1. Only one of (1) surrounded by 20 or more Cβ atoms within 10 Å (Cβ to Cβ); (2) touching a residue at least 24 places away in the same chain (Cβ under 8 Å); (3) of a type in the set (A, V, I, L, M) is not met by LEU65, so which one is it?
2. I'm trying to understand the selection: among the residues of region 67-121, which are at positive phi and in contact with a His (Cβ under 6 Å, 6 or more places away or on another chain)?
3. What number of residues in region 10-21 are crowded, with 18+ Cβ neighbours inside 10 Å and either at pLDDT 85 or above or of a type outside the set (Gly, Ala, Ser) (or both)?
4. Are there any pairs, at least 6 apart or on different chains, whose C-beta atoms fall under 8 Å, with the first in region 80-93 and touching a residue at least 24 places away in the same chain (Cβ under 8 Å) and the second assigned to a loop (DSSP other than H, G, I, E, B), and if so, which?
5. Can you pull out every residue in region 81-105 that is modelled with pLDDT under 95 and in contact with a Phe, Trp or Tyr (Cβ under 8 Å, 6 or more places away or on another chain)?
6. Any residue at all in region 48-55 that is within 25 Å of ARG109 (Cα to Cα), at pLDDT 85 or above and crowded, with 22+ Cβ neighbours inside 10 Å?
7. Going by the conditions given, is ALA77 outside any loop (DSSP other than H, G, I, E, B), in contact with a Leu (Cβ under 6 Å, 6 or more places away or on another chain) and either surrounded by 16 or more Cβ atoms within 10 Å (Cβ to Cβ) or of a type outside the set (Lys, Arg) (or both)?
Amino acid sequence: MGEFQLRLGIALQEAGQNAEADLPLRKALELQPNKPRRAHALGVGALRAQQFEQALQHFEAVLRLAPTYEPAHINRALALCEVGRFNDGLAAYQRAIDLSPDNADAWMRRASALFARGLIGEAIRHALRAVHLAPGMTDAHVLLGKLHGSKGVWMRLTSVPKCSAHASANRPYENFQAVMLERRGDIDAAKSP
């Protein structure tokens, strides 16, 4: 019964019916309170309804049940940034990356948050990592275009080359970024971690 309520609630959320999704999701949580996915779904509903403080409460409840539940870290980070707690949000995105270094979505979302804070060099590094992990991630390519445009870059990166004369085997995109920044004369950004 709890699984049915959860699936119904998530289906309603995906259909954009957040208000209707709330009841089955609450019922699913009531039936199985120790299942992090149920509280997470309620948090996602609160995010979609732009009730960020309520979303934070749900995601924090999830993380008390399952401290390594990566989607809760990502969505908690988003909610934290929305309420103006950017440093906490960046730390939450970093926690998601630490838990799953190959999660392109976490890298991309942290890049967006860094861009919002004006940390362009670091945002570029994170967006490039997202593209490396998921070459078809359109959002990462769009963000890279915005990032490069924000610093007056002489070239717009529309796709990351699969190979580069400057690439090492284990860090091809970080090296590509450093070369681009050096060519623009932004040596400090190229040297930043």
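The values are calculated or read from the model by the stated rules, or taken from the named source; none is laboratory data. Computed from a prediction, not measured in an experiment: that's the story for all the values here. Counting neighbours? That spans all protein chains shown, and the Cβs are built from the backbone with ideal geometry, glycine included.
1. Answer for LEU65: the failing condition is (1).
2. none
3. 4
4. GLU82/GLN50; PHE86/ARG117; LEU90/ARG117
5. GLU82, VAL83, listed by residue number.
6. Checked region 48-55: at least one residue is within 25 Å of ARG109 (Cα to Cα), at pLDDT 85 or above and crowded, with 22+ Cβ neighbours inside 10 Å.
7. When the stated conditions are applied, ALA77 does not pass them.
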